[in-house]
Amino acid sequence: MKILAFDTATRATTVALDGVDGAVLEGRHDPPPGARPGHATELLPLAAHLLERGQVGWGDLDRIAAGIGPGTFTGLRIGIATARALSRAQGIPLIGISTLQSLALNARSLPMGAGLDCVVAVLDARRGEVFAASWRREEIEDAQSALISPGAFLPQALVQVLGELAGTSLAIGDGAVQFRQVLERSGAFVPEDDSELHRVTAVGHCRLARRLHGAEPDQVRPQYLRAPDARPSRSWRAAAER
């Protein structure tokens, strides 16, 4: 099965192509500090480059998987609009993937005996808040088994919720780095700032997409979890909801 996946929920633009000789190819663009994200200019070139590397045509794809967030309003709008357009134009089933669930999959690279029972995916939501969700490590691929459903939290409120979970939690993502001190006081383990565990990658999207069924493009919608920082006009809200 050949899957093209991408995510634009964070500052990074990440793309992956699964099903090429048993490997997963990845490309990404991480804007330098202070620079604007490059979703609009980088997404399609990255996808085209991966297809060329894998010698895969658009007609060879079985699925497109797009990150539905939570994340930035503009980034999600660009990514999902692109995914819908490609799905319609090429007649390829589209699958929406939780960015938090995919991020949590990074923990699978750690040995199961590491003493970390739960994984908490934490993204910086700005306004002093985080987007977060949690799973037991062996149940991450089952969205319905989330210990903490995706939501927007004040860091201290998230700590209180984590305190109700049994065992030790692994907190990963740029939000875990941003609020390291608060989370560590709760007993959670946060890897070093430069750990690959903190990076959203579309590779996880590919893994999750293998277990899910495609949908009509209009059925794949962004998971904002709260109102955008700058409220859009009615016409923008109507377009985002369609």
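The values are calculated or read from the model by the stated rules, or taken from the named source; none is laboratory data. Being a predicted model, the structure only gives us computed values, none of them experimental. Neighbour counts are summed over all protein chains in view; Cβ atoms, including those assigned to glycine, are modelled from backbone coordinates with ideal geometry.
The set of residues from the stretch 152-179 being among the small types (G, A, S) and modelled with pLDDT of 95 or more comprises A152, A157, A171, G173, G175, A176.
Among the numbered conditions (1) surrounded by fewer than 23 Cβ atoms within 10 Å (Cβ to Cβ); (2) under 11 Å from the mean Cα position of the chain (by Cα); (3) among the charged types (D, E, K, R), the only one that D7 does not meet is (1).
For R185, state whether it is at pLDDT below 95 and either in the same structural domain as T10 (by TED's automatic domain parsing) or of a type in the set (S, T, Y) (or both).
no
Do we find that S102 is in contact (Cβ under 8 Å) with a residue 24 or more places away in the chain and closer than 27 Å to T41 by Cα in this structure? Here the answer is yes, as S102 does meet what is asked.
Scanning the stretch 61-115 for residues being among the basic types (K, R) and at pLDDT below 95 gives a total of 1.
For the subset of the stretch 193-216 comprising residues that are in contact with a Leu (Cβ under 7 Å, 6 or more places away or on another chain) and part of a loop (DSSP other than H, G, I, E, B), which member is modelled with the highest pLDDT? Selected residue: V200.
Listed by position, the strands (runs of 3 or more DSSP E) inside the stretch 123-191 whose residues that are touching a His at 6+ places or on another chain (Cβ under 8 Å) and over 20 Å from F73 (Cα atoms) number at least 1 are 169-172. Quick one: would you say A107 is free of Cβ contacts under 8 Å to residues at least 12 places away in the same chain, surrounded by fewer than 24 Cβ atoms within 10 Å (Cβ to Cβ) and either of a type in the set (S, T, Y) or more than 17 Å from L225 (Cβ to Cβ) (or both)? Criteria not met by A107.
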